[in-house]
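Engineer: Can you read through this structure? Questions will come right after.
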Amino acid sequence: MATSHVGPFDLDRERPVFKPDGMVQRVPVTPTFYEDLGSHFPDFADHILTQRFSFAEAWLTWEVHPEGDELVFLLQGDTDFVLWVDGAEKVVRVDTPGSYVVVPAGVWHTARPHAETTMLFITPGNGTLNAESPG
């Protein structure tokens, strides 16, 4: 094992992506980071993106990950995580650091914070969609 590859690394500068073989590839964060993922990992099939995201305002869009469950861990803050289930909003309050939400595959979701919030996302990225409203 090459110990030069153990870190520490900075999530604001590069994001770890788990490849299908279980190995981690670090991807530099650029202004076109999300668009570039497709060129690094065609279709993002069987890859898992790990990233930290801070927000103080409600998300402007909803998203869905059709290829797998997403884990969302609260690092700090207080937010309503909103899932679109059976044609209605299901609100899950996440306000204790260390708690997490499992967003099932295929479920649209968004967030509405009560305070500055930082979360860690572990996301199966293949087929991810974003929209102004769920569905």
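Since every read-out is calculated from the coordinates, none of them should be taken as a lab result. The structure presented is a predicted model; accordingly, all values stated were derived computationally and were not measured. Backbone-built Cβ (ideal geometry, glycine too); neighbour counts: all protein chains shown.
Engineer: Just to confirm the filter: which GluC sites (Glu not before Pro) across the stretch 56-112 are DSSP coil and have at most 16 other Cβ within 10 angstrom of their Cβ? Don't skip to the end; give the middle numbers.
Structural biologist: Details: sites: E57, E63, E67, E70, E89; in loops: E57, E67.
Answer by residue number: E57.
Engineer: How large are Rg and Dmax for the chain when calculated on the C-alpha trace, in angstrom?
Structural biologist: 15.3, 50
Engineer: Then there's this: Please state the charge dipole magnitude for the chain, taken about the Cα centre, from unit charges on C-beta atoms (+1 on K and R, -1 on D and E), reported in debye and rounded to the nearest 20. Can you show the working numbers first?
Structural biologist: Details: 8 positive and 20 negative charges, 62 e Å.
For the chain, the charge dipole is close to 300 debye.
Engineer: Also: Rounded to the nearest 500, what is the chain's calculated 222 nm mean residue ellipticity when only DSSP H runs of at least 4 contribute -39500 (n - 2.57) each, over all residues?
Structural biologist: Numbers: 1 runs with 8 residues, N = 135.
For the chain, the value works out to -1500 deg cm²/dmol.
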